[in-house]
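Asks: Here it is, the structure, as structure tokens.
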Amino acid sequence: MTKTLLILRHAKSSWKNEKLKDFDRPLKHRGEEDARLMGKVLRMTELVPQVILSSPALRAKQTAELVAREAELAGELRFIDTFYLGEPEDYINGLKQLPDDIERVMIVGHNPGLEALLQLLDGKVDSLTTGSLAYLVLDIKHWAALTNATAGELIGFWEPDDVDLKEIEEAMGKDKKDKKDKKDKKKDKKDKKDKK
């Protein structure tokens, strides 16, 4: 049994109004588009999380809300104060509170803490640019068991500039066809056995 963690850095934010506090900076138009794109990626790859935990800073909040809407999130979107400029430990502590019936979670936050968390979990130096999404499988049965020493395997990674929705659609179509073919083969074997 494993848990799935999706790590999303907030999308591009605007610096237009220099009088705004860092916490209150909104997304740029480009950031809004990128957030919607990542929502589509989640929906198309069948990775829509059961819960989204986000920083309450405006740029992260807007990213999480746009992703949730585009992905057709049925679960809860929660804002965690400590995720604003959080360190890896802050994200881990937020995840540890989750009940075990939750299998797939997405966190939305900020660098450098989010990038550091990804590096801790998958053991590689990965760059997490704005709007990037990492898909990890964690070798734990219970969220409470999550630590900064937990082994995670990076299964997928998407950067807004490199996302090709047609490519994803084709890959998912092929994957579904392969699964159907396997299912049909199993059924044929079973039918042959039953006839004997």
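Asks: Suppose each label sits 7 Å from its Cα in the direction of the beta carbon; what would the Asn148-Asp81 distance come out to in nanometres?
Replies: 2.3 nm
Asks: Tell me the trypsin sites (Lys or Arg not before Pro) within the stretch 18-89 that lie in a loop according to DSSP and have at most 13 other beta-carbon atoms within 10 Å.
Replies: For trypsin sites (Lys or Arg not before Pro) across the stretch 18-89 that sit outside H, G, I, E and B with at most 13 neighbouring Cβ atoms in 10 Å, the list reads Lys19, Lys21.
Asks: Oh, and also: Could you identify which residue out of Ala116, Ala145, Ala11 has the top mean-square fluctuation in a GNM of the chain using Cα springs shorter than 10 Å?
Replies: Looking only at Ala116, Ala145, Ala11, the largest GNM fluctuation is found for Ala145.
Asks: Report the label-to-label distance for Glu72 and Thr2 in nanometres (one decimal), using points 7 Å from each Cα along the Cα→Cβ vector.
Replies: Inter-label distance under the simple model: 2.6 nm.
Asks: Report in % the part of the accessible area of the chain that belongs to carbon and sulfur, leaving out ligands and nucleic acids; probe 1.4 Å.
Replies: Carbon with sulfur: 51 percent of the solvent-accessible area.
Asks: Percent relative contact order of the chain, based on C-alpha pairs within less than 8 angstrom and at least six residues apart?
Replies: About 27 percent, as a whole number.
Asks: Going through the stretch 12-110, which GluC sites (Glu not before Pro) have at most 16 other Cβ atoms within 10 Å and a DSSP loop state?
Replies: Glu18, Glu46, Glu72, Glu103
Asks: Sticking with this one: Between Ser127, Ser55, Ser13, where does the largest GNM mean-square fluctuation fall for the chain, given springs only between Cα atoms within less than 10 Å?
Replies: Highest fluctuation of the listed residues: Ser127.
Asks: Let me ask you something else. With a 10 Å cut-off between alpha carbons and a GNM built on the chain, which of Thr82, Thr45, Thr129 moves the most?
Replies: Thr45
Asks: Under 12 Å from a point placed 7 Å out from the Cα of Leu20 along the Cα-to-Cβ direction: which residues of the stretch 51-94 have their backbone N that close?
Replies: 57-63
Asks: Right, another one. Skip the ligands, DNA and RNA, and give the accessible area per residue of the chain with a 1.4 Å probe, whole Å².
Replies: It amounts to 57 Å² per residue over the chain.
Asks: Once label points are set 7 Å from the Cα along Cα→Cβ at both Asp161 and Asp139, what is their separation, rounded to one decimal in nm?
Replies: 3.4 nm
Asks: Okay, next question. At a Förster distance of 22 Å, what's the computed FRET efficiency of Met172 paired with Glu103, Cβ-Cβ distance as r, to 0.05?
Replies: The pair Met172/Glu103 has a calculated efficiency of 0.65.
The values are calculated or read from the model by the stated rules, or taken from the named source; none is laboratory data. The shown structure was predicted, so the numbers you read here are calculated from the model rather than taken from an experiment. Quick reminder, even Gly has a Cβ in these numbers, built from the backbone with ideal geometry, and neighbours come from all protein chains shown. Areas reflect the complete protein model, heavy atoms only, side chains present, ligands, DNA and RNA absent. Shrake-Rupley method; radii C 1.70, N 1.55, O 1.52, S 1.80 Å.
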